[in-house]
Amino acid sequence: MIHVTFPAMGTGIDAWCPDPESAAGLRNWFEEVESVCSRFRPDSELSRVNRSAHGEVVVSDLFAEVMAAADRLRSLTDGLVDVGVGGRVSDWGYDRSFDEGLGLDEVPTPVPIPQWSLEGRRLTRSSGTTIDVGGVAKGWSCDRAVERGLATVVSAGGDIRSDDPGTIVSVVDPWDEVALRLRLGIGALATSSTTRRRWKVGDREVCHLIDPRTMAPIDTPILSVSVLARSALDAEAGAKAVLLRGEHGLVWAAETVWVDAAVVVWHDGSVYATPGIEVAA
């Protein structure tokens, strides 16, 4: 096995690959997805779609696959995980790479809830709806990389997909301490947090997660959540849904069949988990 790390999709990729050829294929794969799905690349397909004045556009096969995955996750989470809120993230000040510095003097004006649909490769958006597939694309890319044999274990900014029965992962709290170690094995884990990407809008500190019900950054007692599922895509959606559901999120995770387990770090540093979670020594 070969251990490789490289930057992609605005984060770091960490993977174990079978051989040098697979490692090279993995780099090419993430570059291909980023060239289509990045909102920070003006020449990406996503950027071109968002700039289009037409409410209906025909997209590439790869972009259509990512959007179909996003449509499925929107349905699974009862609309809470919605890539159509991408424009609202920018409205609230996250309109460039985080290391360039963010901030707004005033709270942005209210906007309608975004509407979008996909039929085959035909994407339809309501006026003002801007797509951001960043989180979905990360999980989807990890899943496809493992399914194609490019890697046995791959992590993209906390979204992990494993095909190794011996995989153990550490859940790190917002203070960079290990909260607990979990037996992941064959499966996936994703972590979402409200503490890593924060900035000021007027007198209010906000995070990067937009609640599609209010079109404003979420306000939740949970600092971070890690979800285990069969795919990185589902784990990514599950983690965001728990955050968006706030104090009811862990109960929702325990009752949701496609979520295998969830761990949350509360605002006071307490750690809670769904029943039956397998902790590693």
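Read-outs: derived from the displayed coordinates by stated rules, not from any lab. Because the structure is a prediction, the values reported are computed rather than measured. Ideal geometry is used to build each Cβ from the backbone, glycine not excepted, and the neighbour counts take in all protein chains shown.
A compact table of results
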| read-out | value |
| --- | --- |
| Pairwise FRET efficiency - Arg197 versus Glu106, Cβ, R0 = 22 Å, nearest 0.05 | 0.65 |
| Orientation-averaged projected area, Cα convex hull of the chain (nm²) | 14.5 |
| Built amide H within the under 5 Å cut-off of Asp159, gap 5+ | Thr191 |
| Calculated log₁₀ intensity ratio I(q)/I(0) where the Debye formula runs over C-alpha points of the range 139-281, q = 0.13, 0.19, 0.20, 0.21 Å⁻¹ | -0.54, -1.10, -1.20, -1.29 |
| Fraction in percent of alpha-carbon pairs per bin - 5 Å, the range 180-260 | 3, 15, 24, 23, 17, 9, 5, 2, 1, 0 |
| Test item: Cα-centred dipole of the chain, Lys/Arg +1 and Asp/Glu -1 on Cβ, debye | 360 |
| 5 angstrom amide H check on Ala8, placed H, neighbours 5+ away | Ile13 |
| Summed side-chain charge close to Leu73 - residues other than Leu73 whose Cβ falls under 14 Å, Lys, Arg +1, Asp, Glu -1 | -4 |
| Calculated FRET efficiency for the pair Glu31/Arg122, C-beta based, R₀ 35 Å, to 0.05 | 0.85 |
| Net charge of neighbours whose Cβ lies under 9 Å from the Cβ of Pro108, counting Lys and Arg as +1 and Asp and Glu as -1 | -1 |
| Sites matching GluC sites (Glu not before Pro) across the range 232-281 that sit in DSSP coil, with at most 14 neighbouring C-beta atoms within 10 Å | Glu278 |
| Simple label model, 7 Å out from Cα along Cβ direction - Arg183 to Tyr272, nm | 2.6 |
